[in-house]
1. What does the convex hull of the Cα atoms of chain B come to per residue, in Å³, rounded to a whole number?
2. Write down, largest first, the equivalent ellipsoid semi-axes of the range A:24-111 in whole Å, where each equals the square root of 5 times an eigenvalue of the alpha-carbon gyration tensor.
3. Given the options A:61, A:44, A:103, identify the residue whose Cα lies farthest towards the positive end of the charge dipole of the range A:24-111 (+1 on Cβ of Lys, Arg; -1 on Cβ of Asp, Glu).
4. How big is the charge dipole of the range B:70-177 about its Cα centre, in debye rounded to the nearest 20, if each Lys and Arg gets +1 on its Cβ and each Asp and Glu gets -1 on its Cβ?
5. Residues with amide H under 5 Å of residue B:329's amide H, sequence separation 5 or more or different chain, H placed in the peptide plane at 1.01 Å from N; which?
6. Can you return the lysines within cross-link range of residue B:340? Criterion is Cα-Cα under 26 Å, with same-chain partners fewer than 8 residues away left out.
7. Report the net charge of residues surrounding residue B:50, where surrounding means a beta-carbon distance below 15 angstrom and charges are Lys +1, Arg +1, Asp -1, Glu -1.
8. When the dipole is taken about the Cα centre of the protein assembly as shown, and only Lys, Arg (+1) and Asp, Glu (-1) are charged at their Cβ, what size is it in debye, to the nearest 20?
Amino acid sequence: MVKKVVLLGAFCITMLGAEEVQNVYERNCIPCHRYAPASLEKLFMVYLKTYSGELSLKGALKAFLKNPTESDSLMNNTFIENFSVKDKTTLTDKELDEAIDTYWELYDVRKKLK
Amino acid sequence: MLVSKNKGTSLLRSSEKRSLLRFLALYFILVTMILLLLGIFYYQSQEKLMFSNQRTILSNYANRQVKALKQLHSNFPHRTIYPRSIKYRSAIYDIEGNEIFSLLKHDNIRFDKEIYRVGNSIQFLKTLDDYYLGTKYLFIEVDEDKSWYKETMSNILAFGTLTLIVLIIFGLFFVSIFLRPMRNSIMLLDDFIKDTTHELNTPISAILANIEMMDTSVMSPRNAKRLSRINIAAKTVSHLYQDLTYLTLSHNRESKDEWIDMKQLIGDRVEYFAILAGSKKITFELDLKESAIFIDGVKIARVLDNLISNAIKYNKRNGKIFITLRKSYLQVQDTGIGIKSKKVQDIFERYTRFNSSEGGFGIGLNIVKSIIDEYNLQISVESVIDVGTTIRIDFTKGTLDG
């Protein structure tokens, strides 16, 4: 009986820990984009090719996520016709900044170029 | 004291020399500045030409690099090796001016110029429209080929020097043309004085010799006084004659240097000028110590005569003349009208007079200066208006007698 209680306790702690490790980006971005035809990495390269700098990219992305329009979207027309423009984000500004920072850190080309 | 002679005399007056040197210095500076400016323009044009040639080459390199970046962007992150070349080095910067990747030797890049020099390298900037890997600014760097620089500098030096020499020769030619009228007028005056001098010798000698022979003891005081005036006038003319003779003839005469007892010579000359000084009630105060210098007797007598004569001429009535002789210097001080400080430096110029109200040609101190310079002696003048003038001659060069 005691053994069962200990095992249950350990499972709960592990689950709670796993929930805490996931950040805003992982919780709010990855789940949807997992099923999108263009990966987040490919999208990052499109953004990078369009906006070049860190501040420009982050600013443009944040503005788009808060108020997504067809004209601001970097996706091609076929993509938009099939999937339409995404909904407005429900995240707060702070959460949005955190998610975008994580996204930048993850795919920043400076760290990868050799 | 033995004094060494300086025979380096010139036909030009020192004021002419000054003007000539000033003109030449000004001309030289002006010509050098013009040549320097031309050199700078030439250098800049050559530099532009070099940049123009380099721009074509570097632009091709940049296009090649953009293609490579485009390829890398589409294959990223499967391929992450930055494209390199043995012909050039490159760097990429984002729109905010932050470095993305760099292989440059010099990091002090410029975003405001298309092509420029950094150290021994040339950097070329290309701005991209599509920001592959985030690249807004692409820099291409190559080592500078210095051959154009060496060729340009050697051209500037060679042509600059040659032109400078030619222009200086032209300058000297122009100066000689400008100075010719001035020199001609001086030569005309010299010739006139020379011709007149010849005619003065016999009558002056006759007057002075006859005055010496006359017995004043048998004359009435009034006649004796008149004779004294004639004596003064004749001596004044004689003094002028001797100056003019020295000026026009003695320059070519060989000097006969000997040991001159300065104390005795001063005594003689003071006695000679006593009557002239007496006419203005001027008294001499002598403070003489033993001194001897190795010099031409006629020349040092001209120096003394002119100093004493001026001290009398420009003194006030009832004034004094202090003559001080020491082993190493002679000083003549008067209590006269003085000279303005800005005119002091010009008093040794020929035909310059302290005061136009007094007679004379203004040649006395010019003779003094020429003799002083010939024997490398030092002369200094101090003067205060309405107090007096002090002229000092230092026998500083050579060795002491005994």
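1. On the way: hull volume 98.0 nm³, N = 402.
Once divided by residue count, the hull of chain B is 244 Å³.
2. Working: eigenvalues 68, 49, 37 Å².
With the √(5λ) rule applied to the range A:24-111, the semi-axes are 18, 16, 14 Å.
3. The listed residue farthest towards the positive side: A:44.
4. Values: 13 positive and 13 negative charges, 59 e Å.
So the magnitude is around 280 debye.
5. Under 5 Å from the amide H of residue B:329 lie the amide H atoms of B:395, each far enough along the sequence or on another chain.
6. B:17, B:280, B:281, B:313, B:316, B:320, B:369
7. On the way: positive: B:48, B:55, B:113, B:117, B:146, B:150; negative: B:47, B:114, B:143, B:144, B:145, B:151.
Summing Lys/Arg as +1 and Asp/Glu as -1 gives 0.
8. Numbers: 70 positive and 59 negative charges, 116 e Å.
Its charge dipole is roughly 560 debye.
The numbers here are math on the coordinates, done by the rules we state, and not lab data. Predicted model, so just to flag it, every value in this text is computed and none were measured. Quick reminder, even Gly has a Cβ in these numbers, built from the backbone with ideal geometry, and neighbours come from all protein chains shown.
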